[in-house]
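Everything below concerns the one structure shown next.
No value in this document is a laboratory result; all are computed from the given coordinates. None of the values given here were measured: they were computed from a predicted structure. Neighbour counts run over all protein chains shown; Cβ positions are idealised from the backbone, glycine included.
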Amino acid sequence: MSQPCLISKQINVHKQFSKWARRLVDANEMRTKTKQFSKIAYGNSILALDLMVTTARSYENQIEAQIQAISCCQDLALDMMAFMIVKHMADTTESPLDQNQNVAKWLVNLSDLASQFYKKFPQVEMTGLFTFLIHKLREENSFVLSYMINQIISKMFGWSDLVIN
């Protein structure tokens, strides 16, 4: 990350994405916003999608608009989005539980983003995500990871109550 060109490109994409995501999107503006995002992501997909996942971790009300915005992107950008979801799950240093020992909001938002993304774009490979989650589950025997798998599967298929015994 020490290259000046890369740093300036990242700053430029961050400014454009911030301007794009500043206002909440209503139904009338969605088509215009989708085209704007595809212009931002063209040639800068990794940077734009990284910012998109980072924003989705914090603001749950923008997840649907972000998933809609990805629809105008190229197929390679969809695979990059799948990679960015796994990257954010793997690289996080935040606690998966909040102070009351409930599942943290960032984890709920990230699982919502993943489930809505894979539901909207079923052609994207899910094996990377599930391989990561299963291997991580084997290492840590964590309830939180089983929660993520449960949420992703149940929301993708529209199940309201998925009980794992």
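Projected label points at Ser95 and Gln74, each 7 Å from Cα along the beta carbon direction, are separated by 4.3 nanometres. Listed by chain and number, the aspartates and glutamates placed with their C-alpha closer than 14 angstrom to that of Lys155 are Glu64, Asp112; residues fewer than eight positions away on the same chain are left out.
Within the set Lys15/Lys136; Lys35/Lys105; Lys33/Lys136; Lys33/Lys120, which residue pairs have Cα atoms separated by over 27 Å?
Details: Lys15/Lys136 35 Å; Lys35/Lys105 29 Å; Lys33/Lys136 36 Å; Lys33/Lys120 18 Å.
Too far apart for the 27 Å limit: Lys15/Lys136; Lys35/Lys105; Lys33/Lys136.
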